[in-house]
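Input: a single structure, listed below in structure tokens.
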Amino acid sequence: MNRTEDTKKFDVGGQAVMEGVMMRSPTATAVTVRRPDGTMVTKLKPFVPLKQKHPWMGKPFIRGVINMGTMLYYGMNTLEDSTKMLGIMDEEPTKFEKWLSRKLGKGIDKIVMGVAIILAVILSVALFIALPAGVESLLRSAGMPTIGYTLIGGLVKILLLVGYMIFCGFVPDVRRTFQYHGAEHKSVHCHESGLSLTPENAQTFSRLHPRCGTAFLLIVFGISILLFLVLNVLVPISNFFLRFLFHLAMLPIVAGVSYEVLMGLAHSNSKAACILRWPGMQMQRLTTREPDASMLECAIVSINVVLNGIPDHCKKTPEGWAVFTDYRQSEPGYVPPAEEAASESGCETPAEPGPDSNPAPVDPADLQA
């Protein structure tokens, strides 16, 4: 089915999760995961963009800072949703986890995610802000000129980022997530092209996409190098702690500028834009892998659901998540085979069986929580 003009008026973005893909439109997110039994389970969650509640949050440069914060928040919540949908968090909590949950007044899943967010922020700050700032302070103390120690500090950031991505690629579960990342990009490309959303069509597209968060990170580092080249000349700081705080304080400015640069490059086909976004595109080769057809199906289901909602014919889990056995079941206008056969024969669909009848058995896997 070809994409309508209405659904191509806005960007559809996404995120790879454990054994699945999240897709996001301006008003909703849809997470689809592939369970061990082969079924796809999808959760649709509407939301109101912050810029609609607070218009100033949608202003240029400010929106980049807001987007960075919301990406972290929604990203961690999406990962939590995907693990629940896969049943990973269904194990019985330990005595310590139950005690901690009682003391803090929150579910253990919220506690785990909260701790994960805190640790992720600490690790990011230590690796990409504190360590480069320390390198710059040491080189400055050794007498290196401003341009030299600033460029080396920026290079350290980029090398740490590349090294971290390469390391993650050796972890089997992360490699599969990188494949789903590739499926996300290919499916978005297919949607944007106007072609029918099928695994065969999506597979023909590149797994690299100009709006990817990986490209955003590289732009952030590039902008920070240019910014600190100027600031280190205007505001020379030798103390490591003050330099660290200075870098931390400049992060919102760097994020705001970088977001505008990313959007400008992503929506331009000029030769200059293609050259400037090339490094970020190549970085995605570290965070994406070629997906298989089943992964593309998950991404396609998420796009269909986030754009058109959950079809009425879908089976549901007790939590209200939609269950699909085929990606085509998520397409708008899809008619289940039984209803299609009844329509073609001129017969009505049989009514629900009465209490004395013997209904056909239901596969428990289709209703698995």
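For the reader, a short list of remarks on this structure follows.
- Complete set of residues in the stretch 30-80 that are of a type outside the set (Phe, Trp, Tyr), modelled with pLDDT under 90 and touching a strand residue (DSSP E or B) at 6+ places or on another chain (Cβ under 7 Å): Gly75, Thr78, Leu79
Conditions tested, residue by residue: (1) at pLDDT 90 or above; (2) part of a loop (DSSP other than H, G, I, E, B); (3) of a type in the set (D, E, K, R).
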position: Pro252; (1), (2), (3): no, no, no
position: Arg285; (1), (2), (3): yes, no, yes
position: Val305; (1), (2), (3): yes, no, no
position: His313; (1), (2), (3): no, yes, no
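- Residue that is surrounded by the most Cβ atoms within 10 Å (Cβ to Cβ), among those in the stretch 236-294 that are polar (S, T, N, Q) and more than 30 Å from Ser141 (Cβ to Cβ): Thr288
- When residues of the stretch 156-168 are limited to those that are surrounded by fewer than 15 Cβ atoms within 10 Å (Cβ to Cβ) and in contact (Cβ under 8 Å) with a residue 24 or more places away in the chain, the one farthest from Ser238 (Cα to Cα): Ile166
- Within the stretch 113-133, the set of residues being of a type outside the set (A, V, I, L, M) and buried (at least 16 other Cβ atoms within 10 Å of the Cβ) comprises Phe128, Pro132.
- Where a residue in the stretch 171-186 is under 15 Å from Pro210 (Cα atoms) and part of a helix (DSSP H, G or I) and its partner, wherever it lies, is at pLDDT 95 or above and of a type in the set (Phe, Trp, Tyr), with Cβ under 7 Å and at least six apart: Lys186/Phe205
- When the test is whether a residue is out of contact with any Ser or Thr (no Cβ under 6 Å at 6 or more places or on another chain), surrounded by 15 or more Cβ atoms within 10 Å (Cβ to Cβ), of a type outside the set (S, T, N, Q) and over 25 Å from Met68 (Cα atoms), Pro210 does not pass it.
- Residue in the stretch 218-231 that is part of a loop (DSSP other than H, G, I, E, B), surrounded by fewer than 23 Cβ atoms within 10 Å (Cβ to Cβ) and either in contact with a Gly (Cβ under 8 Å, 6 or more places away or on another chain) or not acidic (Asp, Glu) (or both) present: no
- Every residue from the stretch 150-204 that is of a type in the set (Gly, Ala, Ser) and farther than 30 Å from Phe244 by Cα: Gly182, Ala183, Ser187, Ser193, Gly194, Ser196, Ala202
The values are calculated or read from the model by the stated rules, or taken from the named source; none is laboratory data. Not measured: the values here are computed from a predicted model. We place every Cβ from the backbone using ideal geometry, glycine too, and count neighbours over all the protein chains shown.
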